[in-house]
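No value in this document is a laboratory result; all are computed from the given coordinates. Predicted, not measured: the structure shown is a model, and the values here were computed from it. Cβ placement follows ideal geometry from the backbone for every residue including glycine, while neighbour counts extend to all protein chains displayed.
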Amino acid sequence: MSQQPDVFNHMQHLMLEIEHFEVANAADAEKFRIEFLGSKGKIKNLMAAIKDVPNERKREFGQAANAVKQAAEEKLAALKQQLEQNGAAATLDIPDLTRPAITIPLGGRHPLSVVKNEIIRIFERIGFTVAEGPEIEDDWHNFTALNTPDDHPSRDMQDTFYIQTNPSILLRSQTSTVQVRVMENQKPPIRIISPGRVYRNETISARAHCQFHQVEGLYIDENVSFADLKQTLIYFARELFGQDTSIRLRPSYFPFTEPSAEMDISCFICKGNGCNICKHSGWVEILGCGMVDPAVLDMSGIDSRKYTGFAFGMGIERITMLKYQINDIRLFFENDIRFLQQFKAAW
Ligand code: DAH
């Protein structure tokens, strides 16, 4: 019976061991479980020792042994919970989920691109495709093939930048150049729009710049009439400026169209009542247009006895300035972030 005090001593010792067992990670916790609560663990051995305890103390022993077992189980549960919490924080590495997110500075589209894309989409819906041409052009595509020979007075309408060493090379002054390039290379039916940058030797001011953007349109097929032109332009104006928009065509002159017209839209700001934008006329000028001059068709290799067509051209800056009420064209080229950021929401 000399074992008795030993067994009870041993139990006390076990209690202390459990209490002071140190755990840093999940592997340690598992070690703890096996050592104390495993099928060959210390507590199993302890329970087995009951057979050596005299009957009158078995009850006392049993209660004490159960207390040890419970202590071990509680410690294991607490360890697991603690490890879980640490682990979650360590993998996510987010100290405070309620903190405002770090903003990622995203760029926006330039207002000219926004409007250009809108114009492209409108014409794509009725079967036009985009065609592009070079900004450095030759005299033929910019003038001569557009019915504007060397001595033609309408050359004065546009102050062109020429290359000093070779005056037959220039910076295109209009996207009408692309009309010629497409007609030279494609057979009708032709239905294209061509957006792009153009250059003119203008004094820079709030209203004029030496570089700006245009969109050209060209439609050639058999039996294309002025009525087709007008209907296309009404559709375009209403898509871009609203379904309550009216248009008016005023006779005009361009060397490459006959007859030619300029198109006004009813002022979308004052709805025709008169305001600063429309200079109290109720109308705003938007684009130039007309029926392609037969001489232009023939020069590009399209039989003017068989085909007719219409063309139009507009300035993207002008339309953007009207649409967003921007009063200085220079803002488009200064890249001032305070200006550009105002168009972030537009697309
Ligand atoms: N190219 C002309 C300009 O820059 C605009 C224009 C007018 C284009 C009439 C056309 C057109 O295609 O038919 O002023």
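Only one residue of Gly41, Gln85, Thr129 has its Cα farthest out toward the positive end of the dipole of the range 1-153, where Lys and Arg carry +1 and Asp and Glu -1 on Cβ, and that residue is Gly41. Taking a Cβ cut-off of under 10 Å around Ser300, the surrounding Lys, Arg, Asp and Glu residues balance to a net charge of -1, with basic ones at +1 and acidic ones at -1. Overall, the chain carries a charge dipole of about 1280 debye about its Cα centre when +1 sits on the Cβ of Lys and Arg and -1 on the Cβ of Asp and Glu, all other atoms neutral. Of the DSSP beta bridges with both residues in the range 111-346, give the percent that are antiparallel, rounding to the nearest 5. Close to 95 percent. Site pair Arg121 and Glu84 shows an inter-label distance of 5.0 nm when each label is modelled 7 Å from Cα along Cα→Cβ. The long axis of helix 55-92 is offset from the longest Cα principal axis of the chain by roughly 20 degrees.
Legend: ranking of residues Ser266, Ser281 from fewest to most surrounding C-beta atoms inside 10 Å; resulting order Ser281, Ser266.
Over the chain, dividing the summed -39,500 (n - 2.57) contributions of all DSSP H runs of at least 4 residues by the number of residues returns a 222 nm mean residue ellipticity of -12000 deg cm²/dmol. The residues Leu16, Leu146, Leu106, Leu233, when put in order of fewest to most other Cβ atoms within 10 Å, stand as Leu106, Leu16, Leu233, Leu146.
Under 25 °C and 0.890 mPa s, how fast does the range 6-163 diffuse according to Stokes-Einstein, given a Kirkwood radius computed over C-alpha pairs? Answer in µm²/s, whole number. Answer from the Stokes-Einstein relation: 99 µm²/s. Evaluated at q = 0.18, 0.23, 0.31 Å⁻¹, a Debye calculation over the C-alpha positions of the range 212-254 (equal weights, vacuum) places log10 I(q)/I(0) at -0.70, -1.02, -1.15. Calculation over all alpha carbon pairs of the range 129-288 in 10 angstrom steps from 0 returns a P(r) of 10, 32, 36, 18, 3, 0 percent. The ranking of Thr98, Thr308 from fewest to most other beta carbons within 10 Å of each one's beta carbon is Thr98, Thr308.
Cys residues of the chain that find no other Cys beta carbon under 4.7 Å: Cys210, Cys289. On the basis of the beta-carbon distance and an R0 of 30 Å, Asp52 and Ala26 show a calculated FRET efficiency of 0.25. Prolate is the label for the range 1-79. Its Cα gyration tensor axes, ordered a ≥ b ≥ c, give a/c of at least 1.5 and a/b above b/c.
Between 0 and 90 degrees, the angle of helix 176-185 with respect to the longest Cα principal axis of the chain falls at about 90 degrees. Using Cβ point charges alone (K and R +1, D and E -1), the dipole size of the range 152-258 about the Cα centre works out to roughly 200 debye.
In this simple spin-label approximation, Asp6 and Phe339 carry label points 7 Å from Cα along the Cα→Cβ vector, and these lie 9.7 nm apart.
Amide H contacts for Trp283 (H built 1.01 Å from N in the peptide plane; partners 5 or more residues away or on another chain; cut-off under 5 Å): Cys267.
Restricting the chymotrypsin sites (Phe, Trp or Tyr not before Pro) of the range 216-253 to loop positions (DSSP other than H, G, I, E, B) with no more than 12 neighbouring Cβ atoms within 10 Å leaves nothing. Classify the range 202-291: rounded, prolate or oblate, from the alpha-carbon gyration tensor (a ≥ b ≥ c, eigenvalue square roots; a/c under 1.5 rounded; otherwise prolate if a/b is larger than b/c)? The shape class here is oblate.
Computed about the Cα centre, the dipole magnitude for the range 4-91 is approximately 360 debye when only Lys and Arg (+1) and Asp and Glu (-1) carry charge, each at its Cβ.
Translational diffusion of the chain, estimated by Stokes-Einstein from the Kirkwood radius over alpha carbon pairs at 25 °C in a medium of 0.890 mPa s, is 91 µm² per second.
Of the trypsin sites (Lys or Arg not before Pro) in the range 14-120, the ones in a loop by DSSP (not H, G, I, E or B) with at most 12 other beta carbons within 10 Å are Lys40. The GluC sites (Glu not before Pro) of the range 151-234 that meet both conditions, a loop assignment by DSSP and at most 11 other Cβ atoms within 10 Å of the site Cβ, are Glu222. Once you sort the root eigenvalues of the Cα gyration tensor of the range 301-347 as a ≥ b ≥ c, which label holds: rounded (a/c under 1.5), prolate (a/b larger than b/c) or oblate (the other case)? Prolate, since a/c reaches 1.5 and a/b exceeds b/c. Of the cross-linked pairs Lys44/Lys75; Lys116/Lys306; Lys271/Lys323, which ones have a Cα-Cα span greater than 21 Å in the structure shown? From Lys44/Lys75; Lys116/Lys306; Lys271/Lys323, over 21 Å: Lys116/Lys306. Among Ile326, Cys270, Pro294, which residue has its Cα furthest toward the positive end of the charge dipole of the chain, with +1 on Lys/Arg Cβ and -1 on Asp/Glu Cβ? So the residue we want is Cys270.
The distance linking the range 189-251 with the range 269-332 is 4 Å (Cα centroid to Cα centroid, whole angstrom).
Helix 226-241 and the longest principal axis of the Cα set of the chain meet at an angle near 40°.
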